[in-house]
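Just below is one structure, and these are the notes that go with it.
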Amino acid sequence: MFVERVVVGPYQTNCYILGEEKTDSCWIIDPGNDAQEIIHCIEKHHVLPVAVLLTHTHWDHVTALPRIVAQYPGVEILVGREDASFLGKNAYAHFSQTITDRSFLAAYKEELMALPEPTALLDEGQYLDDCHMKVMHTPGHTPGGVCFYHEEGQFLFSGDTLFASGIGRTDLYGGSYPEIIQSCHRILELPDEVRILPGHGPDTTVGQEQSNPYL
């Protein structure tokens, strides 16, 4: 199994490809932009996507979705239940009502209007058998924010919940400071050696984040 990071879009979002060479399969985590770069990474490893896993549905984590779905018909799209309204036919209307970066809304209107419907909704404690990851519901940055924990590999995709020496914003629509603090402390209950793969910035570990100044 491999994990490769592709940094995409104007906000330098970390998109990850989790791949399994034995089955020629992969999972795309947060395809935020630059779909061709993501596709190039997938093709380089000679794998095919099984599903797109979304840690949350902020615009900078989803705008490559239409191109990914067009390239790989039938790929599943999994998202936290409370964030699902920012996908599908009503997505652009919801973004228009809640987005603060109006220039981004204008620049990516076509992509946001073409966002596909989710194929499955995620809840706390679900286990994704094919990629061997557990879903942790970690609200605070968004109501439906989730992390994906691979216990065997000892790594966690934390989205915009927990960063190296930082935490996610809570001043955007649906954000909650008390909730994100609680969510981050849940992550820090994992073993110290667990590698944290965040939505922006460098990797870190649970052990390193025990001294996170925001927590």
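Quick rundown of the values:
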| quantity | calculated |
| --- | --- |
| The stretch 20-39, subset out of contact with any helix residue (DSSP H, G or I) (no Cβ under 8 Å at 6 or more places or on another chain) and not charged (D, E, K, R), residue modelled with the lowest pLDDT | T23 |
| Single residue of the stretch 86-106 satisfying the filter (at pLDDT 95 or above and either more than 13 Å from V62 (Cα to Cα) or under 14 Å from the mean Cα position of the chain (by Cα) (or both)) that is surrounded by the fewest Cβ atoms within 10 Å (Cβ to Cβ) | L87 |
| Unique match (being closer than 22 Å to A91 by Cβ and touching a residue at least 60 places away in the same chain (Cβ under 8 Å)) among P116, P143 | P143 |
| Test: residue in the stretch 87-98 that is in contact with a Gly (Cβ under 7 Å, 6 or more places away or on another chain) and more than 20 Å from T170 (Cβ to Cβ) | no |
| Those residues of the stretch 1-19 which are surrounded by 21 or more Cβ atoms within 10 Å (Cβ to Cβ), in contact with a helix residue (DSSP H, G or I) (Cβ under 7 Å, 6 or more places away or on another chain) and either over 11 Å from D60 (Cα atoms) or of a type outside the set (V, I, T) (or both), in sequence order | V6, C15, I17 |
| Residue within the stretch 79-99 that is over 23 Å from T142 (Cα atoms) and either without any contact (Cβ under 8 Å) to a residue 24 or more places away in the chain or in a loop (DSSP other than H, G, I, E, B) (or both) present | no |
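The values are calculated or read from the model by the stated rules, or taken from the named source; none is laboratory data. Keep in mind that what you see is a predicted model, and the values were worked out from it rather than measured. Using ideal geometry, Cβ is built from the backbone for each residue, glycine included, and neighbour counts are taken over all protein chains shown.
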